[in-house]
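Some notes on the structure that comes next.
The values are calculated or read from the model by the stated rules, or taken from the named source; none is laboratory data. Keep in mind it's a predicted model, so treat the numbers as computed, not measured. Every residue, glycine as well, gets a Cβ built from its backbone with ideal geometry; the counts of neighbours run over all protein chains shown. The area values use the complete protein model at the heavy-atom level, side chains included, leaving out ligands, DNA and RNA. Shrake-Rupley method; radii C 1.70, N 1.55, O 1.52, S 1.80 Å.
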Amino acid sequence: MARITPLAPPYEPEVEARLESMMPPGVPPIGLFRTFVRNLPMADAIHGWGGYYLSRRLSLTLRDRELLIDRTCARCGCEYEWGVHVAFFGERAGLDSMQVASLTHGSPADPCWADERERVLIAAVDELHDTADLADATWARLAAELDEREILD
């Protein structure tokens with residue numbers, strides 16, 4: 001159960017405008033965004049950051065981004081956010097059912113991950129989740145696959 005209840009329509013005009021700007025045209029706002037707009041200054045700040053991370057300006061590919069988000073959500077037990085991303089972006093990112101299952105319960109060594117870039121992205125999420133740090137060996141693997149902009153993103 002939500003500790004802070006998402007807003008429900010009808011919305012104040014300023015809230016309605018912010019929610020419309022956060023979603024694709026014609027798509028109703030998700031519960032997360034309806035919760036964020038309870039604090040409009042925060043929602044405005046998050047919108048700028050999220051707008052970058054969900055845009056084509058991000059240096060990572062859509063697939064890279066979704067691997068990172070989906071694995072992070074799975075490891076942290078964020079079922080809601082995991083579900084939103086798998087449902088809305090999974091197919092667009094080219095994730096098949098074996099890869100979705102692996103991101104949820106598997107490891108970067110699973111046979112569905114043939115690409116070193118994808119294996120190291122998943123391994124980095126796991127290591128950060130488990131230790132709050134990256135070992136030099138993991139960093140070297142990342143640096144061999146990603147440029148500095150991609151690593152920062």
Residues (outside any helix (DSSP H, G or I) and either open to solvent by less than 40 Å² (accessible area, probe 1.4 Å) or among the hydrophobic types (A, V, I, L, M, F, W, C) (or both)) located in region 126-152 | Ala132, Leu134, Ala135, Leu146
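Look at Glu145 and say whether it is over 12 Å from the mean Cα position of the chain (by Cα) and within 29 Å of Val27 (Cβ to Cβ).
Values: over 12 Å from the mean Cα position of the chain (by Cα): yes; within 29 Å of Val27 (Cβ to Cβ): no.
Considered against the rule, which asks whether it is over 12 Å from the mean Cα position of the chain (by Cα) and within 29 Å of Val27 (Cβ to Cβ), Glu145 comes out as no.
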What helices (runs of 4 or more DSSP H) lie completely within region 1-103 and have 2 or more residues being open to solvent by 50 Å² or more (accessible area, probe 1.4 Å) and of a type in the set (Ser, Thr, Tyr)?
-> 40-53
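For residues in region 104-125 being assigned to a helix (DSSP H, G or I) and surrounded by fewer than 17 Cβ atoms within 10 Å (Cβ to Cβ), which is farthest from the chain's Cα centre (by Cα)?
Only one residue fits best here, namely Glu116.
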Could you list all residues from region 39-75 that are in contact with a His (Cβ under 7 Å, 6 or more places away or on another chain) and farther than 17 Å from Leu152 by Cβ?
-> Glu66, Asp70, Cys73, Arg75
